[in-house]
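Here, each number is a calculation from the coordinates, and none is a lab measurement. All figures in this text were calculated on a predicted structure; none of them were measured in a lab. Backbone-built Cβ (ideal geometry, glycine too); neighbour counts: all protein chains shown.
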Amino acid sequence: MSTTQSSDTEAPIEETAQVEVPAQYRRSAAPAALKMIIELKNVTKTFTRGSETLTVLDGLTLDVPEGSFEALMGPSGSGKSTLLNLIAGLDRPTSGAAQVAGADLMKMSDGDLATFRSRHIGFIFQAYNLMPVLTALENVELPLLLTKVSSSERRKRAQTALRVVGLEDRMGHYPRQLSGGQEQRVAIARAIVNDPTIIVADEPTGDLDRKAADDILTLLTKLNTEFKKTILMVTHDPAAAERATMTRHLDKGKLGA
Ligand SMILES: Nc1ncnc2c1ncn2[C@@H]1O[C@H](COP(=O)(O)OP(=O)(O)OP(=O)(O)O)[C@@H](O)[C@H]1O
Ligand SMILES: [Mg+2]
């Protein structure tokens, strides 16, 4: 597996006595141990169309320590989004073993997966995917409609999330009244409003200029270092990958060089 590590950011990593730390995570020569929050073993994903079977993930093994901020790169069609969707519980592996945030994704019903997503996953998309007819605040409240949280508590949590992303003065704005960077901040507020364990971001800066992209990456770094979120980010942008603590490369459904 090929890895790189940026020098300026270091994810706070909870150290427990369970698993040996991969060399790239060691801060010093002293041996330590990490808790893995994502553990995939020999995962395959195939899609069948008619008589054709397409193998998109091909025996993939991946361990992500809790509290890390990892970038995932690779050519178009290499399976990056497919992999993120599996980790987020939006789809299931065809075979293999998949543990995410203590849940066995292979054994869960559709209902269990929905509960898993709302409890553990915040998803950020390249195209923001905001509802145009809802204000920023209403967009951020959306994931909480699936929970038992009261409407006043819902509003309070959405306001807090928008404050975290620096948009306290744009809560009543509609997406069309926001810049792309601001729209992505609303989408990030929506992703964190449930206080998820893991944030998965699929090319979150793909539609933004350098300045707006850097602001989003700074925000993701803050969510990682201050709010202790584990982040997995797909990107085509080497400058974005630099902001992560580690970069993995996917090619033809396999992790490697
Ligand atoms: N639901 C699906 N049904 C059939 N084929 C699919 C499905 N989802 C993805 N694929 C195929 O799987 C392959 C990998 O797609 P994926 O979206 O994971 O690539 P990617 O690495 O995210 O690419 P990009 O960088 O362009 O976003 C592609 O060949 C795609 O056509
Ligand atoms: Mg993709």
DSSP bridge pairs, the stretch 59-256: antiparallel proportion in percent, nearest 5
20 percent
Just round it to a whole percent: the fraction of Cα-Cα distances in the stretch 33-83 exceeding 17 Å.
47 percent
So how far, in whole Å, is the C-alpha centre of the stretch 49-71 from the one of the stretch 163-240?
24 Å
Taking the Cβ of E138 as the centre, find all other residues whose Cβ is under 11 Å away and add up their charges (Lys, Arg: +1; Asp, Glu: -1).
+2
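Could you tell me whether the stretch 59-256 comes out rounded, prolate or oblate from its Cα gyration tensor? Rule is a ≥ b ≥ c as square roots of the eigenvalues, rounded for a/c under 1.5, then prolate if a/b exceeds b/c, otherwise oblate. Spell out each step's value before the answer.
Details: a/c = 1.91, a/b = 1.27, b/c = 1.50.
Judged from the Cα gyration tensor, the stretch 59-256 comes out oblate (a/c at least 1.5, b/c at or above a/b).
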Give the aspartates and glutamates reachable from K252 as a straight Cα distance under 15 Å; neighbours fewer than 8 places away on the same chain don't count.
D58
Cross-link table K80/K222; K35/K254; K80/K229; K45/K222; K148/K254, entries beyond 31 Å C-alpha to C-alpha:
K45/K222; K148/K254
Relative packing of 156-165, 45-54, which averages over residues the other C-beta atoms within 10 Å, highest first
156-165, 45-54
The chain: relative contact order as a whole-number percent, Cα under 8 Å and 6+ apart
29 percent
Can you tell me how the stretch 59-136 classifies by the Cα gyration tensor, rounded, prolate or oblate, using a/c under 1.5 as the rounded cut?
oblate
